[in-house]
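This report refers to the structure that appears directly beneath it.
Please treat every number below as a calculation from the coordinates, not as lab data. Fair warning: this is a prediction, and the values are worked out from it, not measured in the lab. Cβ coordinates were reconstructed from backbone atoms using ideal geometry, including for glycine residues, and neighbour counts include every protein chain displayed.
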Amino acid sequence: MSKFAILAIVSLAMTLPLFPQGDLSYRNPVHESSHHESPRIENPPQKSRDIPQVAVEDSAIIYPESMQEELSDLLRTWQLDMSKVDTTCERGENVVFHDSVYVNRLYCIPTVMELSYNQVVRSYIDMYTVRRREQVSYMLTLGQYYFPMFEAALDRHGLPLELKHLPVIESALNPLAVSRAGATGLWQFMLRTAKGYNLEINSLVDERRDPYKSTEAAVLYLKDLYTIYGDWNLVIAAYNCGPGNVNKAIARSGGSRDYWAIYHQLPRETRGYVPAFIAANYVMNHHADHNICPVHFPESTLTALDTVHVNKEIHLEQIAGVLGVSIDELRRLNPQFKKDIVPGNYKPYALVLPSEIMYAFIDQTDSIMNFDRSRYFTHRTLTLDGGGIAGATEEIIYRVRSGDNLSTIARRNGTTVSALKSMNNLRSDRLRIGQQLIVGHRVVEVQQVAQVSPGGKTTTVNTYYRVKKGDTLGEIARRNNVLVSQLQSWNGLRSTRIGIGDQLIVKQEEVPAEEDKADEKETILSNYLEGQIRRAEESGSLSPEMEFEMKEVRGN
């Protein structure tokens, strides 16, 4: 055979796809669900210049945790009402295509990211289209809510929009997801990384679970990682296992910065992460080709939303109780509030509500805040030694509106009709619009300051109150069970005029000075020692140490 013939054969061989040895037809690495029929194979093999030149196989794939969740558990944490779901969208069994079809479809997705294909990617595609068909159907519907939010943040920072599919493998689009390592939320932030990107995490709030704020933080993190690596596959790997592990894999591979070249040097849990991401992009773009479609929820499930800033403490069940909205819907829209409490007294927080109830929330804010308040907020502001509430109280006033009656007002404010009548001296149930009713009492903010008297024997403890809008000296005196003349005397007032923000003494108490208490303790101790010494003397067992103590106590 001539040299030219040999060269021609070698050249031809180099242009053929380099897949693993054996038949290129479908080989399913995962078991199909029993309720699916045998898959059909469509599209015969065809050539593609973009089939990868390096064959990558891995028989020890560890699927991400989100892919190991039971669908029933996901539905519960997704907080979806299954009773109203139309699940008739399954149009048939799965359709299996030849490798070259997957290669061409991935290559044709318009993106700057490299979505290459190999048998590891194939195993994830099979997993999504066979074992996880139902989960994909639900995630397609959830994506209608989350993906526009993700895309807006990615576009704002100039990142590839295909990164919106990262939470599909990170959390299965579950904002309440918590990994075994403690990573939390849609984007699976660890606590330290989250705080590094200004996400608030405390006993009541975890902004890793906030879809908006966690998305912004994740996009900034991805942007920073791209500055380090300049390769999106390495960025995605580093997002999962941290830059340190990726750097080690690069070093062990002789400095290669190709993800597929360092694949086997990465932690086992991370190796399948990029293939899973590529497969997620495939299935989200070509789900219809595999007879998978979104489940159909009622329109109310994915309704229009608005945001309001809350600057007072409020419980989600208070909103549900007054406005008649489902508590599950409020939790689904506001997963960052771990205990259903918006701690608005600390700082303003964004609350997401369906647009249809936004105006009702604004109009009835006072009623919502007061609804059954003593049930949801039991922490005492101040306590005395005996456990009672210290300080004065003030009345909570409600102005009657059109359509109100005593029954609805009592229910909104966590009280009874008889209590309302008693507090307001009402003889009948008749109300008039604009009428002011006392609906409860709250503890007012007070401050206690001690002053030692000139003689040093007693201490005067002053309790202060800061004047608020609508306060009068008479009302302040009545709330604190003192006379107006006493308030005037304590505060040096010549009239009853007071201003908002004024700090008034509303109570004065005389207590023994600390020196008196110290003298009293010293007397008790001396008497005790004297008794001990006297008994030792009588029994003849006085030790040198006790003899010294006796001289100290008796002063000789």
Q: Mind ranking 232-238, 93-99, 461-467 by how tightly packed they are, going by the mean number of other C-beta atoms within 10 angstrom, highest first?
A: 232-238, 93-99, 461-467
Q) What's the FRET efficiency of residue 503 with residue 441 using the Cβ-Cβ distance as r and R₀ = 22 Å, to the nearest 0.05? A) 0.50
Q. What FRET efficiency comes out for the pair residue 421/residue 469, r = Cβ-Cβ distance, R0 = 22 Å, nearest 0.05?
A. 0.20
Q.
7 Å from Cα along Cα→Cβ at both residue 181 and residue 496: what's the point-to-point distance in nm?
A. 6.9 nm
**Q.** Distance violations [Cα-Cα > 18 Å] among 223/248; 223/347; 213/347; 312/339
**A.** 223/248; 223/347
Q: Would you mind computing, in nm to one decimal, how far apart the modelled labels at residue 488 and residue 228 are, each placed 7 Å from Cα along Cα→Cβ?
A: 7.2 nm
Q) Which shape class applies to region 303-376: rounded if a/c is under 1.5, otherwise prolate when a/b exceeds b/c and oblate if not, where a ≥ b ≥ c are the square roots of the Cα gyration tensor eigenvalues? A) rounded
Q: Please tell me the relative contact order of region 303-376 in percent, rounded to the nearest whole number, where contacts are Cα pairs under 8 Å and at least six residues apart.
A: 47 percent
Q.
Multiplying the sequence separation of residue 131 and residue 379 by 0.36 nm and subtracting their Cα-Cα distance, what value in nm do you get?
A. 84.4 nm
**Q.** Point-to-point label distance, residue 309-residue 405, nm (Cα→Cβ direction, 7 Å offset)
**A.** 4.0 nm
